[in-house]
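S.K.: Dropping the structure in here first, questions after.
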Amino acid sequence: MKKKFSVGIDSYTLLPLELTPLETLDWAAAHGAEGVQFSGGELPVELIDEEPYLREFAHTARDKKLYLEWGGGQHIPFDMETWESRDIAPVNARAARQAALLGATVIRSCSGGLMRWTDRAPPTDTLIDAMARSLEPQMAMLADHGVTLAIELHFEFTTFELLRLFDRCGAEPGGCLGVCLDTMNVFTMLEDPVAATERILPWVVATHVKDGGLLLDDGGLISFPCAIGDGLVDFHTIFTLLASLDRPINLSLEDHGGSFALPILDPEFFGRFPDLSEEELVSLLRLAQAAQRRVDEGSLALLDRAEWPRHCESRAINGIEGIKRIVQSLPDPPAEPV
């Protein structure tokens, strides 16, 4: 029997459809998704902390046989406009309580920073030290609620840096700190998706399954998402790695338009990735060459973010089906010894 993955969708993918949370559950069930990872801000303000509403919401998801993963977590204890210190403990305590009432064991945390793209942000090591001081005392609260704060691999920290964060917190894999593996965002942080997955694998508790690639341009590279199966992400290898974990991992599709400039020809910007090896850089450049060939032959194209609403629903439906096909193509795991 193949390793069981549940294949669902991240609510951000469906944002242009302007669905309510309950309508998102209906959409997921109607289109073959097996769960929803919510960003955490979708519930009506007047109901977001109401225990009866949250329990009824969880009941509806169970009736539809959908997993729930929650959001609303934070991991950077700063206001990223002013870079003044900010207490994120109440934010995470609220998200943890909501998740517990929903029966969710994962809270995704995406602070939305673009620190390497600005000169105003503190150095990365300063941010990691501040995060460790903030998150370590919160670990007991997260454990009490039975939830894991899953830091998204976003445009903030590399897998190398998050491993240093977990070490400074004294955290262990399988505990209350982990990661949401975004398989395309790692391109934007100059990491090969397979290599990044291998590095962070023990800490993965949630996913954003997103295809994409890299292209060379005058400033260096650009990264971009694309439809599942059109890009350069080696899902077969990544899913096989995830299947080796001793816990089930939900595969939540995330998709959107847009592209992201990576000015690696600027020595100052490039120097902000000190862990990047020559070997991994060469791998990324080879992937960029492969992507360019696909663009030239017409099998791969960038989608402007403004165009996403027109493509959102069809790409989401096809993406869920595409992930399921990849899962079905995985080899059976070795038989358990008798």
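The values are calculated or read from the model by the stated rules, or taken from the named source; none is laboratory data. The model shown is predicted, which means the values in this text are computed figures rather than measured ones. Here Cβ is always computed from backbone atoms with ideal geometry, including for glycine, and neighbour counts include all displayed protein chains.
S.K.: Restricting the search to the range 278-333, which residues are outside any helix (DSSP H, G or I), touching a Phe, Trp or Tyr at 6+ places or on another chain (Cβ under 8 Å) and farther than 30 Å from Leu17 by Cα?
M.R.: Passing the criteria: only Leu330.
S.K.: Still on this model: Scan the range 71-122 residue by residue and report those that are polar (S, T, N, Q), touching a Phe, Trp or Tyr at 6+ places or on another chain (Cβ under 9 Å) and in a helix (DSSP H, G or I).
M.R.: Of everything in the range 71-122, just one residue is polar (S, T, N, Q), touching a Phe, Trp or Tyr at 6+ places or on another chain (Cβ under 9 Å) and in a helix (DSSP H, G or I), namely Gln98.
S.K.: Would you point out the residue of the range 71-114, among those that are of a type in the set (Ser, Thr, Tyr) and farther than 24 Å from Ile249 by Cα, that is surrounded by the most Cβ atoms within 10 Å (Cβ to Cβ)?
M.R.: Within the range 71-114, the match that is surrounded by the most Cβ atoms within 10 Å (Cβ to Cβ) is Ser85.
S.K.: Please go through the range 43-70 and pick out each residue that is buried (at least 20 other Cβ atoms within 10 Å of the Cβ) and closer than 30 Å to Leu114 by Cα.
M.R.: Leu43, Leu68, Glu69, Trp70
S.K.: Going by the conditions given, is Ser277 more than 20 Å from Asp10 (Cβ to Cβ), without any contact (Cβ under 8 Å) to a residue 12 or more places away in the chain and polar (S, T, N, Q)?
M.R.: Answer is yes for this residue.
S.K.: Here's something else I'd like to know. List every residue pair whose Cβ atoms sit under 8 Å apart, with the two residues 6 or more apart in sequence or on different chains, where the first one lies in the range 293-304 and is farther than 11 Å from Ser259 by Cα and modelled with pLDDT of 95 or more and the second, anywhere, is in a loop (DSSP other than H, G, I, E, B) and among the charged types (D, E, K, R).
M.R.: Short answer, once both residue conditions are applied: Arg294/Asp230; Ser299/Asp230; Leu300/Asp230.
S.K.: Every residue in the range 201-241 that is farther than 20 Å from Leu300 by Cα and buried (at least 21 other Cβ atoms within 10 Å of the Cβ), please.
M.R.: Passing the criteria: Trp203, Val204, Val205, Ala206, Thr207, His208, Ile238, Phe239.
S.K.: Right, here's the next one. Please count how many residues of the range 203-227 are within 11 Å of Met184 (Cα to Cα), among the hydrophobic types (A, V, I, L, M, F, W, C) and touching a Phe, Trp or Tyr at 6+ places or on another chain (Cβ under 9 Å).
M.R.: The total comes to 3.
S.K.: Tell me which residues, restricted to the range 219-276, are acidic (Asp, Glu) and more than 21 Å from Arg325 (Cα to Cα).
M.R.: Asp246, Asp266, Glu268, Asp275, listed by residue number.
S.K.: Whether any residue in the range 161-182 is in a helix (DSSP H, G or I), in contact with a strand residue (DSSP E or B) (Cβ under 9 Å, 6 or more places away or on another chain), touching a residue at least 40 places away in the same chain (Cβ under 8 Å) and more than 30 Å from Ser299 (Cβ to Cβ) is what I want to check.
M.R.: yes
S.K.: Where in the range 198-256 are there strands (runs of 3 or more DSSP E), lying fully within it, with 3 or more residues that are without any contact (Cβ under 8 Å) to a residue 40 or more places away in the chain, closer than 27 Å to Leu17 by Cα and out of contact with any Asp or Glu (no Cβ under 9 Å at 6 or more places or on another chain)?
M.R.: No strands (runs of 3 or more DSSP E) qualify here.
Conditions (1) touching a helix residue (DSSP H, G or I) at 6+ places or on another chain (Cβ under 7 Å); (2) at positive phi; (3) not acidic (Asp, Glu), marked per residue:
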| site | (1), (2), (3) |
| --- | --- |
| Gly258 | yes, yes, yes |
| Ala261 | no, no, yes |
| Glu278 | no, no, no |
| Leu287 | no, no, yes |
| Arg293 | no, no, yes |
| Leu302 | no, no, yes |
| Trp308 | yes, no, yes |
| Gly319 | no, no, yes |
| Ile326 | yes, no, yes |
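S.K.: Is the range 148-159 home to any residue that is more than 24 Å from Asn250 (Cβ to Cβ) and either crowded, with 19+ Cβ neighbours inside 10 Å or at pLDDT 95 or above (or both)?
M.R.: Within the range 148-159, not a single residue is more than 24 Å from Asn250 (Cβ to Cβ) and either crowded, with 19+ Cβ neighbours inside 10 Å or at pLDDT 95 or above (or both).
S.K.: Let me ask something else. Of all residues in the range 257-276, how many are aliphatic (A, V, I, L, M) and surrounded by fewer than 17 Cβ atoms within 10 Å (Cβ to Cβ)?
M.R.: 2
S.K.: Let me ask something else about it. With respect to Asp217, determine if the residue is closer than 24 Å to Ser314 by Cα and either out of contact with any Pro (no Cβ under 6 Å at 6 or more places or on another chain) or among the aromatic types (Phe, Trp, Tyr) (or both).
M.R.: No, not satisfied.
S.K.: Among the numbered criteria (1) β-branched (Val, Ile, Thr); (2) surrounded by 11 or more Cβ atoms within 10 Å (Cβ to Cβ); (3) at pLDDT below 95, which one does Val338 miss?
M.R.: Single failed check for Val338: (2).
S.K.: Output the residue which, of all residues in the range 1-42 that are assigned to a loop (DSSP other than H, G, I, E, B), in contact with an Asp or Glu (Cβ under 9 Å, 6 or more places away or on another chain) and closer than 18 Å to Cys110 by Cβ, is modelled with the lowest pLDDT.
M.R.: Looking at residues that are assigned to a loop (DSSP other than H, G, I, E, B), in contact with an Asp or Glu (Cβ under 9 Å, 6 or more places away or on another chain) and closer than 18 Å to Cys110 by Cβ, I get Ser39.
S.K.: If Gly213 meets every condition in (1) over 28 Å from Val147 (Cβ atoms); (2) modelled with pLDDT of 95 or more; (3) over 17 Å from the mean Cα position of the chain (by Cα) apart from one, which number is that one?
M.R.: Tallying (1) over 28 Å from Val147 (Cβ atoms); (2) modelled with pLDDT of 95 or more; (3) over 17 Å from the mean Cα position of the chain (by Cα), Gly213 fails exactly one: (3).
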